[in-house]
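The values are calculated or read from the model by the stated rules, or taken from the named source; none is laboratory data. Here the structure is a predicted model, which is why all the values come from computation and not from measurement. Positions of Cβ are backbone-derived with ideal geometry, glycine not excepted, and every protein chain shown enters the neighbour counts. These accessible areas exclude ligands, DNA and RNA; they are computed on the full protein's heavy atoms, side chains included. Shrake-Rupley method; radii C 1.70, N 1.55, O 1.52, S 1.80 Å.
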Amino acid sequence: MNNAYKSKFQLLEEIQQLRTKLAAVKLTTENRTAELYKSEERFSLAMRGANDGLWDWNLETDEVYYSPRWKSMLGYGENELDGTINTWASLVHPNDKDMVLKKVQDYLAGQADSFEVEMRMHHKDGHQIFVLSRGFKVTCEFDDKPIRLVGTHIDITERKKAETFADNNAQILEMIAIGRPASDIYSAIALMYEERHPGLRCSMLELHGNKLLHGGAPSLPKEYCHALHGLENGPSVGSCGTSTYTGKRVLVENIETDPKWEKIKHLALPHGMRSCWSEPIINSYGKVLGAFGMYYNHPGLPNQEESNDLKSAARLTGIVMERDQAQKRIRALAYTDTLTGLANRAHFYQRIEKLIKTSDRHHHRFGLLYIDLDDFKRVNDSLGHDAGDKLLTTIAKRLKGTCRDNDFVARLSGDEFCILAEEINDDYAANLAQRCLDVISQPIKISNRKLTPTCCIGIAHFPDDGKNSATLVKAADTSLYAAKENGKNQYAFYKPELTHKAEYRFQVEQHLREAIEKQQLSLVYQPQVCINTGKIIGVEALSRWNHPQLGQISPVDFIATAERIGMIKPLTEWVLRTACSQAVAWKKEEAPILRMTVNISPNHFLDKEIVPLIKRILDETGMTPTELELEVTESVAQTDQRNLSILQDLKNLGVSLAIDDFGTGYSSFASLKHLKVDCLKIDKYFVDDILVDKKARLLIGSMIDMGYKLGYRIIAEGVETSEQLKILKNLDCRNAQGYLFSKPTNVNAILKLLNSNY
């Protein structure tokens, strides 16, 4: 309470105290009367200056005095309204009455130190005003019982309107900050200004191209909003259509007579709209996004406050509209694959989650096709990424054209695509997969090269193969692996046993990285024996992995996994360093000089760092280069200049080279004349059949004869029986390796074999 208001209350209290004392002691002196008159005059002047209304409630008679100013606040004359509490009760808002009376009772009962309350009261012309009422009690001098309640009324309607507007504005800003839907914010903005100006109705239209789209208009008839939705803007298309066309404010005083409304006034007049003022909504770059419209049911132009609010409403709406359009663009980018225009991974997972919920609720079934292109990497490597991109966009169009309208096609990454086929029968997924195989395998010309792409497809069904997105995608991916194992251009359905293989493969992958980094693998060695003398002439180093939980893991599994997850380089480096260090250690123990053979992955062999790596390991371990032999498969023994260059660099180091699994490739004989290798290892595949297959014996004999004539050493792999050894000896094979001599074994066992001069 400010000082001026305190002084008024002090005067009022002083008057009441004097009146009470006069009544009690019946003072009649002229001084007392003059003092009372002077105080009342000062209070009357103070109240008139403050423009406050005075009320005086006699609690014993229930009579109330209402000052002329009190009555005028509510639109009544000095002689209107009687002086009873019922008058107040009929004027106060019903929802506020009990609250006010409760505060009065608490104050009179001494449960509150003061009486101050805000309430709504009815004005004579029908609207409501907000009133702040303050008062104090007057008590009897003898028993301190309250006998009157005296106070003032202040009209705080404008202040409350300003507070409400500020609160609403703050709520709208909060809605913007937390990302509420634009439609909700549009409605809140409209209602805020409509509350500020009774009788006003607001509308927000978004401009898309040259069309006006309904944004928000909570108080306008739906028929009118639907009629405007999709309307093309122009120089004479109502207030908002003209405003968005010109980018300027348009004020229409009378819709019925203004030419700008001539074409569409029949849409507005039936709903009582007579005037419309429009402000263009412009973004931070100066582009028109839409229009904010204000309608009244009577002809008119805005006053200064309405004009200012029209501008501020358009600006506030512009913040929301610009944010919403930016979010839509971001959402489109976030959920669309920029290369192919298909849905991307994020959109796919959003769609499958939604589809699972609806399918589960309605007991529907749907299929998931997981598609992976065959040999896509070769296209990128040989023709370049532009050619790869063109292939992917072509495949995307073919897949889209193959599916139904309600099938959902997405590109997950690289050359992987997925199709969600809704509400399918048992045959639809297989038929769709076959159509995809057929359409993808159509030839395409890229970079003056004719390509015939193929793919593999894994198929899973909801809910048969998975009841959530993770298990369903995993099932489809597992099916894809099964299709690839069957060959190219295949599709396969999910089978539960494939899941166990996939889980095992995943566990191997998860643990392998740590095993390689912490050097938890071990090496075993298998002797290579001279058939004629029986002496060990070399050993092949073979990696082994015995995991605490998974047990002994096959090299076939973990080496392929190492290649897939990019760990083949550190694995190869560890094997090379360990094997070379062991060879040097044996040599220091004066064991017979041996040739140490180490396998090199084809992927790693073609790495430009392979030669420097081997040279560094030879230097660090002290290994004699001529005592190291590297085994490579036939896939690297090609005539490609890169392959030949690496082979030559290794030969220059003094390292020996062997072709592993010789005879199983497709270009062995054609490539031999180009290669400077030292040894050919005849694959176990031929040795296994040497006893029962005459052709196998002829092939082995031919390889041995040809190898010797070209100057190569020959080693037969996989020799397990003395009968096999005998035939090999008759074919003049001089070296062999296999279980007949020794299984791959540890360092100590090999050392014993060396010392016994096997």
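Details
- Scanning segment 355-373 for residues that are within 14 Å of Asn489 (Cα to Cα) and among the polar types (S, T, N, Q) yields a count of 0.
- Scanning segment 575-594 for residues that are surrounded by fewer than 16 Cβ atoms within 10 Å (Cβ to Cβ) and out of contact with any helix residue (DSSP H, G or I) (no Cβ under 6 Å at 6 or more places or on another chain) yields a total of 5.
One line per residue, one yes/no per condition, for (1) outside any loop (DSSP other than H, G, I, E, B); (2) among the polar types (S, T, N, Q); (3) out of contact with any strand residue (DSSP E or B) (no Cβ under 9 Å at 6 or more places or on another chain); (4) open to solvent by less than 60 Å² (accessible area, probe 1.4 Å):
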{"position": "Pro570", "(1), (2), (3), (4)": "yes, no, yes, yes"}
{"position": "Glu573", "(1), (2), (3), (4)": "yes, no, yes, yes"}
{"position": "Met596", "(1), (2), (3), (4)": "yes, no, no, yes"}
{"position": "Lys615", "(1), (2), (3), (4)": "yes, no, yes, no"}
{"position": "Thr626", "(1), (2), (3), (4)": "yes, yes, no, no"}
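- From Pro181, Pro198, residue being under 50 Å from the mean Cα position of the chain (by Cα), closer than 25 Å to His298 by Cβ and surrounded by fewer than 16 Cβ atoms within 10 Å (Cβ to Cβ): Pro198
- Considering segment 719-758, and only residues there that are touching a helix residue (DSSP H, G or I) at 6+ places or on another chain (Cβ under 9 Å), outside any helix (DSSP H, G or I) and among the β-branched types (Val, Ile, Thr), the residue that is farthest from Asp660 (Cα to Cα) turns out to be Thr745.
- Enumeration of residues in segment 354-370 that are farther than 18 Å from Asp427 by Cα, touching a residue at least 40 places away in the same chain (Cβ under 8 Å) and not acidic (Asp, Glu): Leu355, Ile356, Ser359
- Here Asn210 meets the list (1) within 17 Å of Ile282 (Cα to Cα); (2) of a type outside the set (Gly, Ala, Ser); (3) open to solvent by less than 60 Å² (accessible area, probe 1.4 Å) almost entirely, failing just condition (3).
- Total residues in segment 460-478, condition closer than 16 Å to Ile424 by Cβ, open to solvent by less than 50 Å² (accessible area, probe 1.4 Å) and either of a type in the set (Lys, Arg) or touching a residue at least 24 places away in the same chain (Cβ under 8 Å) (or both): 7
- Residue in segment 504-511 that is open to solvent by less than 50 Å² (accessible area, probe 1.4 Å), touching a residue at least 12 places away in the same chain (Cβ under 8 Å) and under 15 Å from Pro744 (Cα atoms) present: no
- When each of Lys137, Lys145, Lys160 is tested for being charged (D, E, K, R), loosely packed, with under 14 Cβ neighbours inside 10 Å and modelled with pLDDT under 90, the lone residue that passes is Lys145.
- Selection status of Trp88, touching a Ser or Thr at 6+ places or on another chain (Cβ under 9 Å) and within 19 Å of Val131 (Cα to Cα): no
- Qualifying positions in segment 262-294 - among the hydrophobic types (A, V, I, L, M, F, W, C) and over 46 Å from the mean Cα position of the chain (by Cα): Leu269
- Of all the listed residues (Asp465, Asp427, Asp415), the sole one being of a type in the set (Asp, Glu) and out of contact with any helix residue (DSSP H, G or I) (no Cβ under 9 Å at 6 or more places or on another chain) is Asp427.
Residue-wise test of (1) open to solvent by less than 60 Å² (accessible area, probe 1.4 Å); (2) not in a strand (DSSP E or B).
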residue: Lys263; (1), (2): no, yes
residue: Leu269; (1), (2): yes, yes
residue: Met273; (1), (2): yes, yes
residue: Leu289; (1), (2): yes, no
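- The test for being closer than 27 Å to Glu279 by Cβ and at pLDDT 90 or above holds for Ser183.
- Answer from Ile319, Ile356, Ile371 - the residue that is in a strand (DSSP E or B) and surrounded by 14 or more Cβ atoms within 10 Å (Cβ to Cβ): Ile371
- Some residue of segment 112-120 being surrounded by fewer than 14 Cβ atoms within 10 Å (Cβ to Cβ), more than 30 Å from Leu289 (Cα to Cα) and touching a Leu at 6+ places or on another chain (Cβ under 9 Å): yes
- Hey, Glu40 modelled with pLDDT under 85, on the phi < 0 side of the Ramachandran plot and crowded, with 16+ Cβ neighbours inside 10 Å or not: yes
- Whenever a residue of segment 691-704 is more than 13 Å from Gly663 (Cα to Cα), its partners that are part of a helix (DSSP H, G or I), lying with C-beta atoms within less than 6 angstrom and at least six residues away or across chains, give the pairs Leu691/Glu723.
Listed here are the residues, each with its yes/no results for (1) under 21 Å from Gly534 (Cα atoms); (2) of a type in the set (Lys, Arg); (3) open to solvent by less than 40 Å² (accessible area, probe 1.4 Å).
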residue: Met703; (1), (2), (3): no, no, yes
residue: Gly718; (1), (2), (3): yes, no, yes
residue: Leu725; (1), (2), (3): yes, no, yes
residue: Ser742; (1), (2), (3): yes, no, yes
residue: Asn748; (1), (2), (3): yes, no, no
residue: Leu754; (1), (2), (3): yes, no, yes
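- Residue in segment 191-200 that is within 16 Å of Ser312 (Cβ to Cβ), in contact (Cβ under 8 Å) with a residue 60 or more places away in the chain and not in a loop (DSSP other than H, G, I, E, B) present: yes
- The one condition in (1) over 26 Å from Lys474 (Cβ atoms); (2) touching a strand residue (DSSP E or B) at 6+ places or on another chain (Cβ under 6 Å) that Leu369 fails to fulfil: (1)
- Whichever residue in segment 438-459 is of a type in the set (Val, Ile, Thr) and touching a residue at least 24 places away in the same chain (Cβ under 8 Å) and, among such residues, is nearest to Gly367 (Cα to Cα): Ile459
- Residue satisfying all of: in segment 727-740; closer than 21 Å to Leu523 by Cβ and not small (Gly, Ala, Ser); most open to solvent (accessible area, probe 1.4 Å) among these: Tyr739
- From Tyr491, Tyr481, residue being aromatic (Phe, Trp, Tyr), assigned to a strand (DSSP E or B) and open to solvent by 40 Å² or more (accessible area, probe 1.4 Å): Tyr491
- Members of segment 375-413 found to be outside any helix (DSSP H, G or I) and either touching a Pro at 6+ places or on another chain (Cβ under 7 Å) or open to solvent by 40 Å² or more (accessible area, probe 1.4 Å) (or both), listed by number: Asp375, Arg404, Asp405, Asn406, Ser413
- Failed item in (1) in contact with a His (Cβ under 9 Å, 6 or more places away or on another chain); (2) modelled with pLDDT of 90 or more, with Val655 passing the rest: (1)
- Check on Ser219, out of contact with any Ser or Thr (no Cβ under 6 Å at 6 or more places or on another chain), touching a residue at least 60 places away in the same chain (Cβ under 8 Å) and not β-branched (Val, Ile, Thr): no
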